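To keep things clear, I will list the structure first and then write my remarks on it.
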Amino acid sequence: MIAHLIRTTCAAAIAASALVAPAAAQDDWKSELPVFRVGLLGGENEADRLRRNECLVEQLSEALGVPVELFPASDYAGVMQGLLAGQLDTASLGASGYAGIYLQDPEAVEPVFVSLESDGSNGYYAMMYAKSDSGIEDLEDMQGKSLAFADPNSTSGYLVPKAELEAAEIDIETYFSRTGFGGGHEQAVVAVLNDQYDAGVTWTSGQGEQSQGFSRGNLHTMVNNGLLDMNDLSIIWTSNLIPNGPWVVRKEVPQEAKDIWTDWMANLAETDYECYKDVSQGEGPGFERVDHSFFEGVVAMRERELQGSR
């Protein structure tokens, strides 16, 4: 009787441990990743960046079961270096920023999503703008004038405008009176409005109402934040279509955490559209899955830019 009781008790204990063990194993990754760190690109003032991503912190923390922390960088390079150093786990990058990371370490991050535009397309535009009362109406009027790029690691705020102007046989060093970097997209617009530069370049979906800063992009965000009246700006040049920048995740993030993050991102437009608009900086039907092949053209462009600067 006692032997039977011992056998029964042991069997029950083994069965119970078998039920607990898989659950414990599923949470093992949390010791490797006690905090999930999200990098936020510069270009918008820090308070607005943090406010826009409050829903991400709340919802993703609950889904992951670990704290989510935001790390707003002062420029693009800060987020890129954070990902390369393993100090950040995910971030939304421009295509050029992703290319810059890839060229330094192809195994550092993987691109997973891009935001879709209102019509379902997955690209956007660089636009050059000037003050509406400046008398500057097109690129020809910019000869001898000053131009503010946004950031040296920005696709729309530097890499593509520079490449397309050079392809049009415009020598940037001699065509403009001077060029410089505004320190970010929002800062460059402010510099133009304050007459520190004659024109600047930024990113936009190119869709929707121009009076609202279009449907997505820096101008749209500034209008929504009460920082810009589009009547004060004129669009004087538009690039060819640029691949939307990716949300990337560090490759060494535990797979369980990646899966939870991926599922949350993939369904965000359906589960909380207001949060999706804040996180993606505009309207659209949701995120689209991508991989490295989507950015090969920009990687090649960035590589040529780096070789030309050596």
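For the stretch 217-235, the set of residues classified as in contact with a Lys or Arg (Cβ under 9 Å, 6 or more places away or on another chain) and charged (D, E, K, R) consists of D232 only.
Return yes or no: is A257 aliphatic (A, V, I, L, M), in contact (Cβ under 8 Å) with a residue 12 or more places away in the chain, in the same structural domain as P106 (by TED's automatic domain parsing) and under 15 Å from G120 (Cβ atoms)?
Working: aliphatic (A, V, I, L, M): yes; in contact (Cβ under 8 Å) with a residue 12 or more places away in the chain: yes; in the same structural domain as P106 (by TED's automatic domain parsing): yes; under 15 Å from G120 (Cβ atoms): no.
No, not satisfied.
Conditions tested, residue by residue: (1) within 30 Å of V190 (Cβ to Cβ); (2) hydrophobic (A, V, I, L, M, F, W, C); (3) at pLDDT 95 or above.
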{"position": "Q26", "(1), (2), (3)": "no, no, no"}
{"position": "P34", "(1), (2), (3)": "no, no, yes"}
{"position": "G43", "(1), (2), (3)": "yes, no, no"}
{"position": "E62", "(1), (2), (3)": "no, no, yes"}
{"position": "G65", "(1), (2), (3)": "no, no, yes"}
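Looking at the structure I just gave you, is L84 of a type in the set (A, V, I, L, M), touching an Asp or Glu at 6+ places or on another chain (Cβ under 8 Å) and either surrounded by fewer than 16 Cβ atoms within 10 Å (Cβ to Cβ) or without any contact (Cβ under 8 Å) to a residue 60 or more places away in the chain (or both)? Explain how you work it out, then say what you get.
On the way: of a type in the set (A, V, I, L, M): yes; touching an Asp or Glu at 6+ places or on another chain (Cβ under 8 Å): yes; either surrounded by fewer than 16 Cβ atoms within 10 Å (Cβ to Cβ) or without any contact (Cβ under 8 Å) to a residue 60 or more places away in the chain (or both): yes.
Yes, satisfied.
Checked against (1) in contact with a Pro (Cβ under 8 Å, 6 or more places away or on another chain); (2) surrounded by 15 or more Cβ atoms within 10 Å (Cβ to Cβ); (3) not aliphatic (A, V, I, L, M), T202 passes all but condition (1). Of everything in the stretch 74-115 that's out of contact with any helix residue (DSSP H, G or I) (no Cβ under 9 Å at 6 or more places or on another chain), in a loop (DSSP other than H, G, I, E, B) and on the phi < 0 side of the Ramachandran plot, which residue is modelled with the lowest pLDDT? Checking each candidate, the answer is D75.
The values are calculated or read from the model by the stated rules, or taken from the named source; none is laboratory data. Source: prediction; values computed, not measured. Neighbour counts are summed over all protein chains in view; Cβ atoms, including those assigned to glycine, are modelled from backbone coordinates with ideal geometry.
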